[in-house]
Amino acid sequence: MVRPVVRQVIRSLQTQIAKLDAQLAATLQADPELHRQAQRLRTIPAVGPVLCAGLLAELPADLRDARAATAYAGLNPRHRESGSRVRGRTSLSKIGNARLRRLLYVPALAGLQYNPVLRAQAQRLAARGKTGKILVGALMRKLLCLCVGVLRSGQPWNPTGRPNPTTSGLKPSP
């Protein structure tokens, strides 16, 4: 008796999600510059259509510096120190755009599996004894920095950080 109702609700939600995804894609297609930026962002592993559209909507156009973007999103570290003997743990400042932090959470987790740069950073931090929430916060920050770098450079994501010979006009080395 309850299962058919639940299945109907699930089908209804899936239909609404599909409609919203289509509207999102149509909005990005309508503006050529947004479409180009979205295509560049989608070259980063773990960046999907929702994060891509959210970043383009939430990041101010003049905010293309990675350090400023992490501060704008509230992903910069905040050191807690009070007096001479009390030292607290470092945490995220969270003084910033909460929607950006929410958008980056799940892609940062996906980046552990699909993005070699994020996976390597997580392994380095884990080797230093960092735990779950600290890792995820650092990966969110790194993913935002990668996205800002792609937007600022105007080039697709390149995991090596070196200029791509096919896009820079250089001949590939033997």
Phi-derived 3J(HN,Hα) across segment 114-122 with the Karplus relation (6.51, -1.76, 1.60, θ = phi - 60°), rounded Hz, x for Gly and Pro, is 10, 10, x, 5, 5, 5, 5, 5, 4
Footprinting exposure proxy for LEU34, LEU56, LEU144 (fewest neighbouring C-beta atoms within 10 Å first): LEU34, LEU56, LEU144
If a paramagnetic tag sat 7 Å from the Cα of LEU109 along the Cα-Cβ line, which residues of segment 1-20 would have the backbone N under 12 Å from that point? none
In segment 95-143, which trypsin sites (Lys or Arg not before Pro) fall in coil by DSSP and have 11 or fewer other Cβ atoms within 10 Å? ARG128
Could you tell me which of rounded, prolate or oblate describes segment 8-69, using a ≥ b ≥ c as the square roots of the eigenvalues of the alpha-carbon gyration tensor, with rounded for a/c under 1.5 and, failing that, prolate when a/b is larger than b/c and oblate otherwise? prolate
Using only the Cα atoms of segment 101-141, build the gyration tensor, take square roots of its eigenvalues as a ≥ b ≥ c, and label the shape rounded, prolate or oblate: rounded if a/c is under 1.5, else prolate if a/b is larger than b/c, else oblate. oblate
Can you list the residues, at least 5 places off or on another chain, whose amide H is less than 5 Å from the amide H of LEU92, using H built in the peptide plane? ARG78
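Bear in mind these aren't lab numbers, they're just calculated from the coordinates by the rules spelled out. Keep in mind that this is a model prediction, so the values were computed, not measured. Reconstructed Cβ throughout: ideal geometry from the backbone, glycine too, with neighbour counts over all protein chains shown.
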